[in-house]
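Q: Pasting a structure below so you can have a look.
The values are calculated or read from the model by the stated rules, or taken from the named source; none is laboratory data. Predicted, not measured: the structure shown is a model, and the values here were computed from it. Cβ atoms come from the backbone with ideal geometry, glycine included; neighbour counts cover every protein chain shown.
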Amino acid sequence: MGTNSPFYALARIDLASASTHGWQVRLQRRGQKYAKFFSDSAAGSPEKALNLAKQWRDQLVETLKADDSARICHRSQRNSSGVIGVSRVKVTTNGTVYEFWQATWSPRPGERRCLKFSIKRYGDERAFTLAVEARRKGISS
């Protein structure tokens, strides 16, 4: 069930043995779990409980989106390139040193893309420029 579904993150709970009837909202983002139960009796009806659950869920999703946006928009203190998602990398393999500029971005949640540009092949400035351009194109597509 996708995030566009009206029942995204909602589950109907009917446990007659425990006299529990209502709607459960459950979401998880970045390892943090969010859950809340909306009782039919407290809301006045199953429909009202569903509406309250949807409102709470929608508010939570908007809050989490805002948090994600804030996280993406701020440059880390560890970033020495000055460009978010672009870093200079040095790798040693079998005694040989490889240096490159790397562009990383996330086209969709849970996906990561990475392109590397060799400093030996392009030179430092050109490799950096190519990495910046690759990231810009990656996040805009």
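Q: Has the range 32-47 got any residue that is surrounded by 12 or more Cβ atoms within 10 Å (Cβ to Cβ), aliphatic (A, V, I, L, M) and modelled with pLDDT under 90?
A: No, the range 32-47 has no match at all.
Q: Just to be sure, is residue 58 surrounded by fewer than 17 Cβ atoms within 10 Å (Cβ to Cβ), in contact with a His (Cβ under 8 Å, 6 or more places away or on another chain) and either free of Cβ contacts under 8 Å to residues at least 12 places away in the same chain or assigned to a helix (DSSP H, G or I) (or both)? Walk me through how you get there before you give the answer.
A: Values: surrounded by fewer than 17 Cβ atoms within 10 Å (Cβ to Cβ): yes; in contact with a His (Cβ under 8 Å, 6 or more places away or on another chain): no; either free of Cβ contacts under 8 Å to residues at least 12 places away in the same chain or assigned to a helix (DSSP H, G or I) (or both): yes.
Against the criterion (surrounded by fewer than 17 Cβ atoms within 10 Å (Cβ to Cβ), in contact with a His (Cβ under 8 Å, 6 or more places away or on another chain) and either free of Cβ contacts under 8 Å to residues at least 12 places away in the same chain or assigned to a helix (DSSP H, G or I) (or both)), residue 58 does not qualify.
Q: Find the residue count for the range 108-141, including only residues that are in a strand (DSSP E or B), among the aromatic types (Phe, Trp, Tyr) and farther than 30 Å from residue 30 by Cβ.
A: Here is the first cut: in the range 108-141, the ones in a strand (DSSP E or B) are 113-118.
Within this subset, residues satisfying the condition of being among the aromatic types (Phe, Trp, Tyr) are 117.
Next, only the ones that are farther than 30 Å from residue 30 by Cβ stay: none.
Matching residues across the range 108-141 total 0.
Q: Step by step: first the residues of the range 108-123, then only those that are in contact (Cβ under 8 Å) with a residue 12 or more places away in the chain and out of contact with any Pro (no Cβ under 9 Å at 6 or more places or on another chain), then the one that is surrounded by the most Cβ atoms within 10 Å (Cβ to Cβ). Which residue is that?
A: Ranking the candidates gives 117 first.
Q: Could we say that residue 22 is of a type outside the set (A, V, I, L, M, F, W, C), within 30 Å of residue 109 (Cβ to Cβ), surrounded by fewer than 11 Cβ atoms within 10 Å (Cβ to Cβ) and in the same structural domain as residue 57 (by TED's automatic domain parsing) here?
A: The answer is no for residue 22.
Q: Being exposed (fewer than 15 other Cβ atoms within 10 Å of the Cβ), more than 22 Å from residue 29 (Cα to Cα), in contact with a helix residue (DSSP H, G or I) (Cβ under 8 Å, 6 or more places away or on another chain) and modelled with pLDDT of 95 or more, is that true of even one residue in the range 95-107?
A: So far as the range 95-107 goes, no, none of its residues is exposed (fewer than 15 other Cβ atoms within 10 Å of the Cβ), more than 22 Å from residue 29 (Cα to Cα), in contact with a helix residue (DSSP H, G or I) (Cβ under 8 Å, 6 or more places away or on another chain) and modelled with pLDDT of 95 or more.
Q: Then there's this: Could you please tell me which pairs satisfy a Cβ distance under 7 Å, a separation of 6+ or placement on different chains, a first residue in the range 18-30 that is free of Cβ contacts under 8 Å to residues at least 60 places away in the same chain and assigned to a strand (DSSP E or B), and a second residue that is of a type in the set (Asp, Glu) and surrounded by 14 or more Cβ atoms within 10 Å (Cβ to Cβ)?
A: Sorted first by the residue in the range 18-30, then by its partner, the pairs are 21/40; 22/40.
Q: In the range 31-48, what residues are over 16 Å from residue 64 (Cα atoms) and without any contact (Cβ under 8 Å) to a residue 24 or more places away in the chain?
A: Selection gives 38, 39, 40, 41, 42, 43, 44, 45, 47, 48.
Q: Which residue is modelled with the lowest pLDDT, if the candidates are limited to the range 60-94 and must be of a type in the set (D, E, K, R) and more than 18 Å from the chain's Cα centre (by Cα)?
A: If we filter the range 60-94 for residues that are of a type in the set (D, E, K, R), which is where we start, we get 62, 65, 67-68, 71, 75, 78, 88, 90.
Now restrict to residues that are more than 18 Å from the chain's Cα centre (by Cα): 78, 88, 90.
Working: 78: 66, 88: 90, 90: 90.
Result: 78.
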